[in-house]
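Data first, discussion second: the structure below is written as structure tokens.
Just so it is clear, none of the values below were taken in a lab; they were calculated from the coordinates. Please read all numbers here as calculations on a predicted model, not as lab measurements. Here the Cβ is made from the backbone with ideal geometry for all residues, glycine too, and neighbour counts use every protein chain on show.
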Protein chains: 2
Amino acid sequence: MANLGFIGLGLMGNPMCRNLIKGGHRLFVYDIEPQSMVPLTDMGATGCKTGREVLESTEAVFIIVPDTPDVDAVLFGPGGAAAKPAPGKVVVDMSSISPLDTKEFAARLAAQGIEMLDAPVSGGEVGAESGTLSIMVGGSAAVLARVRPYLDLMGKTITHIGDHGAGQTAKVANQIIVALNLEAICEALLFASKAGADPERVRRALMGGAANSRMLEIKGEWILSRRFQAGFRVKHQQKDLHNALDAARKLGLTLPNTAATQELYNAVSGDGGSDLDHSALILALERLANYKVT
Amino acid sequence: MANLGFIGLGLMGNPMCRNLIKGGHRLFVYDIEPQSMVPLTDMGATGCKTGREVLESTEAVFIIVPDTPDVDAVLFGPGGAAAKPAPGKVVVDMSSISPLDTKEFAARLAAQGIEMLDAPVSGGEVGAESGTLSIMVGGSAAVLARVRPYLDLMGKTITHIGDHGAGQTAKVANQIIVALNLEAICEALLFASKAGADPERVRRALMGGAANSRMLEIKGEWILSRRFQAGFRVKHQQKDLHNALDAARKLGLTLPNTAATQELYNAVSGDGGSDLDHSALILALERLANYKVT
């Protein structure tokens, strides 16, 4: 039984904390929304007033917040976990943020004597609830070994990708493919429908061959049944593609289809769709064609 | 045992003919390259001087030639199978060509009393050899029932998609997804590599989740091992994307990522890569970044 910290108690963080508590650990938690702490303090967790208080009370702090500036704030802002040196402590950032800023955060934490891992997850709220997240880790193997028992309570597959930032890099690569595969499916089903073929029959035929993908299996059906009200939100997909394009600009890479797909998401979002599932990408292509897939 | 015709005896047509002969049928064959007929006449097939001769000798004629103008020529050109009326005959076009022109060909054949199916295949030379092609069929169900025993000798999965052109539409949709999934993998692996992560570790981590696809499983490995010398050629991928973009223009559809991906293939082809595997798409992105995935 360890004293563990958790910062960021939203739709992902809350169930992840519950799995750590169920695993027998004592939790110290913090969120900028104090109400988010209540379900966890009801389970015996200690609510803290700052991230720093979390860090000082525990041997490892897990973070899952929305975006890069949020990680910056909870680490280095007022009351931030790493506002002062704290030799020997470990911070595990499970947010999905910029790989390049992650490398910088790791260096700044190292200067305070704090070890960092980047450990973004895939699997969504369902995976967080069931403790079956896929976790992609960047940082030192020795530090990963120290926190692995806790990650095992939250995830099913834990992959050490490489040095600081490599976990975020893998997550960005994952999100590039997810978005672009989805966009490919949208173009293909729109094409099939407009050319007069039944898109569901086409989808079924394609699932047997070289065009198959997890996205075609799962989200292809969502697109055709127009089930846009759940799942992975457009605004989160936009953030991930932004992290890809921002890093690509700094690295000197051309990612043409990532860029074009982000533009389509911007159109979906501009039409009020930012909280829809990312399969709502079809709406932008349909609007361009003034034609609805049927 | 039926008298069957086959026009187009290339890398696909030749093994498909052999499977029909092995199935006990008598073949009448034609190719603009007379030498292509030799392996089949050696097996007992009858070599013909024109496509028309093939049609007149048989109850169903299968065609597999490179592109739309080739189908036009073998049907309606000098000595073409459908140069004159031929009531009750069946033509099954297994080439991968324009869905819109296919509808027109079907109408012109109908005017000559000839039934047509479009029945493009996927599975490549390996599938043609082993008789395990996936065949996507457009046209009448009754006509499909008549030729189905012969298609069963060439393919494993035969899917009736819909009316004339629907088979070609499904094939184009398939090829849009194949090319765009491949492009997504290229962007993601290039990104991962340039950001300092090991691309093979990233690929393996991603195969466990939402980013997985047949292309990631198979061609992701080809990209990383730079195995560009075999498989599905860039020039054929370009033809398929051309059929998508040409039909999209006529139908009034915007296919942004299909268009951008075709441009990248044009760059690969322009650099002498038209006979490489379509995974050689990575070469264009690498050239833009002046960086090679390692």
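In nm to one decimal, list the spacings between the residue A:290 label point and its equivalents in the other copies, with label points set 7 Å along Cα to Cβ, shortest first. Listed shortest first, these distances are 4.5 nm. The mean number of partner chain beta-carbon atoms within 10 angstrom of a residue's beta-carbon across peptide B:285-292 is 3. Label-point spacing for residue A:77 across the identical copies (point 7 Å from Cα in the Cβ direction), in nm and ascending order: 7.0. Once the mean of 1/r is taken over each pair of separate Cα atoms and inverted, region A:169-289 shows a Kirkwood hydrodynamic radius of 14.6 Å. Average projection, convex hull of the Cα set of region A:164-220: 4.0 square nanometres.
Sparse packing (at most 11 other Cβ atoms within 10 Å of the Cβ) combined with a DSSP loop state is found for none of the trypsin sites (Lys or Arg not before Pro) in region B:168-225.
For the peptide A:249-255, the mean number of other protein chain Cβ atoms found within 10 angstrom of a residue's Cβ is 6.
Over region B:3-163, Cα pairs under 8 Å with separation of 6+ residues give a relative contact order of 20 percent. Projected over all directions and averaged, the alpha-carbon convex hull of the protein assembly as shown occupies 27.5 nm². Just how many % of Cα pairs in chain B lie over 35 Å apart, if you round to the nearest whole percent? Result for the distance tail: 24 percent. Counting only aspartates and glutamates at least 8 places from residue B:84 when in the same chain, those with an alpha carbon closer than 19 Å to its own are B:53, B:56, B:59, B:70, B:72, B:93, B:104, B:115. For the options A:270, A:155, A:209, a Gaussian network treatment of chain A with springs between C-alpha atoms closer than 10 Å singles out A:209 as fluctuating the most. Scanning chain A for the Cβ atom closest to the axis that brings A onto B yields residue and whole-Å distance A:213, 2. Distances, shortest first, from the label point of residue A:130 to those at the same position in the other copies read 3.2 nm; the point lies 7 Å along Cα to C-beta.
Taking each DSSP H run with n ≥ 4 as -39500 (n - 2.57) and averaging over every residue of the protein assembly as shown yields -16000 deg cm²/dmol at 222 nm. Which of the DSSP-defined H helices in chain A satisfy a minimum axial length of 15 Å, computed from C-alpha atoms, and a minimum mean Kyte-Doolittle hydropathy of -1.0? Span-like helices in chain A: A:99-111, A:141-154, A:166-194, A:214-225, A:256-268. Pairs spanning more than 21 Å between alpha-carbon atoms, out of A:89/B:194; A:49/A:156; B:49/B:235; B:22/B:156; B:194/B:239; B:219/B:250: A:89/B:194; A:49/A:156; B:49/B:235; B:194/B:239; B:219/B:250.
Taken residue by residue and averaged, Cβ atoms of other chains lying within 10 Å of the Cβ of A:134-142 number 2. For the pair residue A:250 and residue A:110 in one chain, pulling the backbone fully straight at 0.36 nm per residue adds 48.1 nm over the alpha carbon distance. For region A:168-249, the relative contact order comes to 41 percent (Cα pairs under 8 Å, sequence separation of at least 6).
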